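Before any comments, here is the structure.
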Amino acid sequence: MKQLKITKRQAALMLLELCHGFLILFAIYACAVVISGHGSEPFVLVGCLLFPLNAGLFLAEKKATHFWQFGIVTLLLIGGSVMLAGSGVCGIWTGILGVIAAFSYFYGRASKKTCWLKIPSYPWLGIALVLYFLGQHFVSDTAIRIAPVLAALYYLLCNFHINLKEVDSFLKTHASLERLPVRRLAKINQGMIWLVSAVTAVAMIAAPYLGIDQLIRKGGQALKTVIRWLLHLIPNSPAQEGTMAAEQTNQMMQATASREIPWFLELLYKLLDLIGWMIGISLVLVCVFVGVRALYRLYLRFNEKTEENGDKIERLLPPPAAEKKKNLNRKKKEHLFWNRSADGRIRKHYRKKVLEKLKGSPDSAWTPTQTAGHMELEDVDAKVFAQIYEKARYAETFCTKEEMEKMLRIR
Amino acid sequence: MIIIVVLIGAFVMNAVLVKIYGHLWEKHLDARVEFQKEPSLEGRDAILTETIYNRKWLFLPVLQVGFQMHRNLRFADGENTSVSDQCYKRDIFSVGSYQKITRSISFYCSRRGYYELSQVELVTRSPLMNGKFYKTLESPDHFYVYPRMVDETRLEIPFQKIMGSVLSRKNLYEDPFEFRGIREYQPTDPMHKINWKVSARTDQWMVNLYDSTSAQEVVVLLDVEDETIWKFDAIHEEGIRLAAALVSRLLQNGIPAGIRTNGRDLKTKTCFSLEPGTGPQQVRALYEGLTRLDLDQKAEHMEVILDRLREEANRGNRTYVMISKNQRESCYDGFCRLLNEGGTGVWIATLYEDMEWKLPDSRNMTALRWEVAK
């Protein structure tokens, strides 16, 4: 059997490119369905048919050696998808997007350029935005709900893709280097990108709850008011017509909202809600388990001494662990900011003046007297400045209030 | 509106993460490039060690460590190196949290010299690998590549000549601090040599034996001056090797030896000289001084060095060994004047095979030809 000669990284890149193609096609499909006025119908499941369709075309473009092979695969995939999708608007758009995708892949291969369905980039997020606003305009609840999810997924996909692409090109560029720690690099990079993605995902989830929503909304409304006011200044402006149209839309929305929902549908929604919660909780538990397991493995391997490519890798003890090993008691450091005693104020004043006069930190080897000497103070002041600081910093006795005042007078 | 908020959250978080990473990556990060502690010899291999310390929780997927070294030091197989005016080396590491990575690299010392390392350049990539951060660390270190040893069999003749001169003028004194051993008492031995403790233990009279110290000193005069614009670096290098070998051999035999050259020190720019002495420190000082001789700097005239030597008081009983390719009359006269004022001498002319022998015969001095391979 012929072995696939691709690395895990290349396979991951392919998967991400494939997902990019699907997400873009899906977003276009969703936009088309919403514009055609069928946004209120369940169109997501049918849209998922674009994944196997895109995947098939993706692989056919890669593997087909003759045009007829690509043609047959295209016909089968598009035909199959349309048949599964049905003869409605969803089916038609699935077919149309299938044809566009097939043509794009074919053109990309023929012109020896990378097909646009294989190049993830941040500007494609615009489609999700368009879908969201179309959903608002054409009153499609599904579109409004899936657009942020689509955008979030696509954003993370882009992050992963950029990272993997950069790692791949980095490793290719430095392939001639000897003792390149490829495995370690890949492993640590994975850790980094998962960490970044997790933090980004948390930020994406948390952002709507941080009041940014209201801020943007109010900013937008203010801008809108200003523009409308400016438009009113123009004779026979379309502003009035716009206002009327908006009012009509609001009335229609209120009418839709006032319609009553049958009890069985309500029950179904509640069931789906429950299942959704269960899936959500399971996913969270799985994530927690995976995280804990990874941390446990890290803990087990923490003090391992290894050798890779002839490099000796040793673990350095973090300060608390090192102090514990040496039976040292860690001193609890209190920040100087909270210290309002005479000693604390003297030290703060010393620090402030030193930074001010030297325009930076002094050399770590300097004594307070040397530091004071570099500060261009008068001789008497420099002596007092160093002496009082040394008392506050190192002496067992505390400084008096008079000493503190003496210190604070040195400018 | 939620979509905008979500995307803003994502973009802001990415930017913040990159900023935080850019701020934190260099904290508690140290990189050192160090030569092996012991000096090496010309034509031998030595070890260079790169050590990375990352004393923080943040890990660095990619850390490029670059430094430059003199091109006379060549890495084995040219590992990760580009050679132009200098030898530029860059290595890539992947550093975990609280980790120390040590990499040892072997390199070949192609020429004698004093080599320095000054800086280490660190480059890392942003979390998404699409940005770069730079930092330069000071990592001063130096390394001596001592001159190669000359062939022992070839060295035997000049060494014997020098030893002949030394022995003919040697005054022997017993040194009570140079203990050599113990033997049975002979009737001619003085009483103060009896070792009372050992005699009591062995039940017979035993006396201590002491080594003698030689009052004779040897000073090697090394001439690395080029008379014309034509450079004879190979001959001078051979001269340096010969001087190092002779002096170290003399020191091994317990004869105090020193050196005077007209070549300049790489750092101090002064002519290197070492007063006669003995011991391991003398050997070390000799090798370090000869290693630091810079043939690119203009050497002083040998006549000036000889005049200075003549003017010195308390020169004692010395044997002078001149190592030079130059056979000009003024230099020869200067050397003869030095010998006439007390001392014996050997002149070793380091010459290519096709070079003419011009030195006249002299009763005071022995002249030898040392052929240098082209």
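For the range A:49-178, the Stokes-Einstein estimate of translational diffusion at 4 °C and a viscosity of 1.567 mPa s comes to 76 µm²/s, using the Kirkwood hydrodynamic radius over alpha-carbon pairs. Starting from one equal scatterer on each C-alpha and no solvent at all, send me the Debye-based log10 I(q)/I(0) for the range B:276-374 at q = 0.11, 0.14, 0.20 Å⁻¹, two decimals. One equal scatterer on each Cα of the range B:276-374 leads to -0.40, -0.66, -1.24. When restricted to Cα atoms, the range B:1-48 yields an Rg and a Dmax of 23.9, 73 Å, respectively. Computed from the C-beta positions of B:D141 and B:R363 and an R0 of 41 Å, the FRET efficiency is 0.20 to the nearest 0.05.
Using the Cβ-Cβ distance between B:M355 and B:R310 with R0 set to 41 Å, the FRET efficiency from 1/(1 + (r/R0)^6) comes to roughly 0.90. Computed with a 1.4 angstrom probe on protein heavy atoms, the A-B interface buries about 4600 square angstrom of accessible area in total.
With a Förster radius of 60 Å applied to the C-beta separation of A:V286 and A:Q387, the computed FRET efficiency comes to 0.40.
In chain B, the DSSP beta bridges split such that about 70 percent are antiparallel, to the nearest 5. Across q = 0.13 Å⁻¹, the range A:336-408 modelled as identical point scatterers on its alpha-carbon atoms has Debye log10 I(q)/I(0) values of -0.34, in the order of the q list. When both bridge partners sit in the protein assembly as shown, DSSP labels roughly 70% of those beta bridges antiparallel. The long axis of helix A:239-258 is offset from the longest Cα principal axis of chain A by roughly 80 degrees. In the range B:75-124, the ratio of gyration radius to Kirkwood radius, Rg to Rh, stands at 1.00 when only Cα atoms are counted. Taking the accessible area of the protein assembly as shown, probe 1.4 Å, and keeping the other protein chains in place, the carbon and sulfur fraction comes to 59%. With a cut-off of 12 Å between beta carbons, the residues surrounding A:K383 carry a summed charge of -3, where Lys and Arg count +1 and Asp and Glu -1.
Solvent-accessible area per residue in chain A equals 68 Å², computed with a 1.4 angstrom probe and all protein chains kept. With θ taken as phi - 60° and the Karplus curve 6.51 cos²θ - 1.76 cosθ + 1.60 applied, the whole-hertz 3J(HN,Hα) list for the range A:138-145 is 9, 6, 10, 4, 4, 4, 5, 6 Hz, x standing for glycine and proline. Screening chain B for DSSP H helices whose Cα atoms reach 15 Å or more along their own axis and whose mean Kyte hydropathy is at least 1.6 gives B:2-24.
Computed on the range B:199-331, the Cα convex hull volume stands at 138 Å³ per residue.
Solvent-accessible area per residue in the range B:29-146 equals 41 Å², computed with a 1.4 angstrom probe and all protein chains kept.
With the simple model of a label 7 Å out from the Cα in the direction of the Cβ, B:D211 to B:I157 spans 3.0 nm.
Shape analysis of the range B:29-146 yields a ratio of the Cα radius of gyration to the Kirkwood radius, Rg/Rh, of 1.00. Model label sites at A:L272 and A:L295, defined 7 Å from Cα along the beta-carbon direction, differ in position by 3.6 nm. Measuring heavy-atom accessible area with a 1.4 angstrom probe and counting protein chains only, the residues of the range B:105-153 that give up at least 30 Å² relative to the chain alone are B:R125, B:P127, B:L128, B:M129, B:N130. Kirkwood-type hydrodynamic radius, chain A: 28.9 Å, calculated from all non-identical alpha-carbon pairs.
In this simple spin-label model, placing a label point 7 Å from the Cα along the Cα-to-Cβ direction at both A:T173 and B:S82 gives a separation of 1.1 nm.
What the Cα atoms of the protein assembly as shown give is an Rg and a Dmax of 42.5, 142 Å.
Mean projection of the Cα convex hull over all viewing directions, computed for chain B: 29.6 nm². Between the Cα long axis of helix A:379-394 and the first principal axis of chain A there is an angle of about 70°, rounded to the nearest 10. Could you sort out which of A:K357/A:K383; A:K325/A:K348; B:K56/B:K135; A:K218/A:K270 sit more than 26 Å apart by Cα distance in this structure? With Cα atoms farther than 26 Å apart: A:K325/A:K348; A:K218/A:K270. The packing ranking of peptides B:272-280, B:331-339, A:20-28, highest mean first, is A:20-28, B:331-339, B:272-280, where packing means the average number of other beta carbon atoms within 10 angstrom of each residue. Annotation: amide H-H contacts under 5 Å for B:V218 (H modelled 1.01 Å from N, sequence separation of 5 or more, or interchain): B:A257, B:G258, B:T319.
For the peptide A:167-179, the mean number of other protein chain Cβ atoms found within 10 angstrom of a residue's Cβ is 3. Computed from Cα positions, the angle between helix A:8-35 and the longest principal axis of chain A comes to roughly 60 degrees. Distances between every pair of Cα atoms in the range A:85-153, grouped in 10 Å steps from 0 to the bin holding the largest one, split as 19, 32, 39, 10, 0 percent. Taking the average, over residues, of other Cβ atoms within 10 Å as the packing measure, peptides B:85-94, B:10-19 rank B:85-94, B:10-19 from highest down. Taking every C-alpha pair closer than 8 Å and separated by at least 6 residues, the mean separation divided by the residue count of chain B gives a relative contact order of 12 percent.
The values are calculated or read from the model by the stated rules, or taken from the named source; none is laboratory data. Since the structure is predicted, the reported quantities are computational estimates derived from the model, not experimental observations. FYI the Cβ positions are ideal-geometry reconstructions off the backbone, even for glycines, and counts take in every protein chain you see. These area figures cover heavy atoms from the full protein model, side chains too; ligands, DNA and RNA do not enter into them. Shrake-Rupley method; radii C 1.70, N 1.55, O 1.52, S 1.80 Å.
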